[in-house]
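Worksheet for the structure shown next.
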Amino acid sequence: MRIIYATESDYDYIKKHDRHLLESLIAQKISQKEIYIFTTDDHVVIGWMRYGYFWDNTPFMNMIWIDEPYRSKGLGRKAVRFWEEDMKQKGFKVVMTSTLSNEEAQHFYRNSGYRDAGCLLLEQEPLEILFSKIL
């Protein structure tokens, strides 16, 4: 898997696939290099990751997606490590993410060295578990 920063040419892909991101923010996040694109070696897009900042100072992974046929092959772990190393190179010492308590991703993050850091309860939603990791 290749991991690259999203570019303007990825705008339509992100708009179509990332339904949690406001369209008005896509160009900004691309220009700030806050979205990564995952491709096969022959340049087929198989997923993406985007992040922002918790409290405006701690990198927070908001979304990671790998298409179904490419899951359970270690690519998610590779992508998260890539992001962590990128954040470390930028001088950050801690990163964060979250997942719903009814999702399997919580086990992935714990197995990747993330620790429970709190939770969020929103009406009509499962518990959102916050995770942090010291780099």
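The values are calculated or read from the model by the stated rules, or taken from the named source; none is laboratory data. What you see is a predicted model, and the numbers here were worked out from it, not measured in a lab. Don't worry about glycine lacking a Cβ; one is built from the backbone with ideal geometry, like all the others, and counts go over all protein chains shown.
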For this session: Report, by residue number, each residue of segment 21-37 that is touching a residue at least 24 places away in the same chain (Cβ under 8 Å) and more than 20 Å from Gln89 (Cα to Cα).
Result: Leu21
For this session: State whether the residues of segment 7-15 include one that is in contact with a helix residue (DSSP H, G or I) (Cβ under 6 Å, 6 or more places away or on another chain), more than 18 Å from Tyr109 (Cβ to Cβ) and of a type in the set (Gly, Ala, Ser).
Result: no
For this session: Go through segment 99-121 residue by residue and tally those that are surrounded by 12 or more Cβ atoms within 10 Å (Cβ to Cβ), within 16 Å of the chain's Cα centre (by Cα) and acidic (Asp, Glu).
Result: 1
Exercise. Would you pick out the residues in segment 89-104 that are farther than 8 Å from Phe131 by Cα and not acidic (Asp, Glu)?
Worked result: Gln89, Lys90, Gly91, Phe92, Lys93, Val94, Val95, Thr99, Leu100, Ser101, Asn102
Exercise. Which number in (1) of a type outside the set (Gly, Ala, Ser); (2) under 19 Å from Gly118 (Cβ atoms); (3) touching a residue at least 60 places away in the same chain (Cβ under 8 Å) marks the one condition that Leu75 misses?
Worked result: (2)
Seminar exercise, completed: Glu104 meets each of (1) at pLDDT 95 or above; (2) farther than 20 Å from Ile14 by Cα; (3) of a type in the set (D, E, K, R) with one exception, condition (1)
Problem set entry | Subset of segment 116-135 that is touching a helix residue (DSSP H, G or I) at 6+ places or on another chain (Cβ under 9 Å) and assigned to a strand (DSSP E or B) - its residue that is nearest to Lys88 (Cα to Cα) | Lys133
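To keep it simple, each residue is scored yes or no on (1) within 22 Å of Arg19 (Cβ to Cβ); (2) touching a residue at least 12 places away in the same chain (Cβ under 8 Å).
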site: Tyr51; (1), (2): yes, yes
site: Asp56; (1), (2): no, no
site: Ile66; (1), (2): yes, yes
site: Val95; (1), (2): no, yes
site: His107; (1), (2): no, no
site: Gly118; (1), (2): no, yes
site: Glu128; (1), (2): yes, yes
For this session: Take segment 26-39 and flag every residue that is out of contact with any helix residue (DSSP H, G or I) (no Cβ under 8 Å at 6 or more places or on another chain) and either β-branched (Val, Ile, Thr) or assigned to a strand (DSSP E or B) (or both).
Result: Thr39
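So that you can scan it fast, the table gives a plain yes or no per residue for (1) at pLDDT 95 or above; (2) among the β-branched types (Val, Ile, Thr); (3) in contact with a Ser or Thr (Cβ under 7 Å, 6 or more places away or on another chain):
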| site | (1), (2), (3) |
| --- | --- |
| Ile14 | yes, yes, no |
| Gln32 | yes, no, no |
| Met61 | yes, no, yes |
| Thr97 | yes, yes, no |
| Cys119 | yes, no, no |
Seminar exercise, completed: Within segment 1-25, the residues that are assigned to a strand (DSSP E or B) and of a type outside the set (Phe, Trp, Tyr) are Arg2, Ile3, Ile4
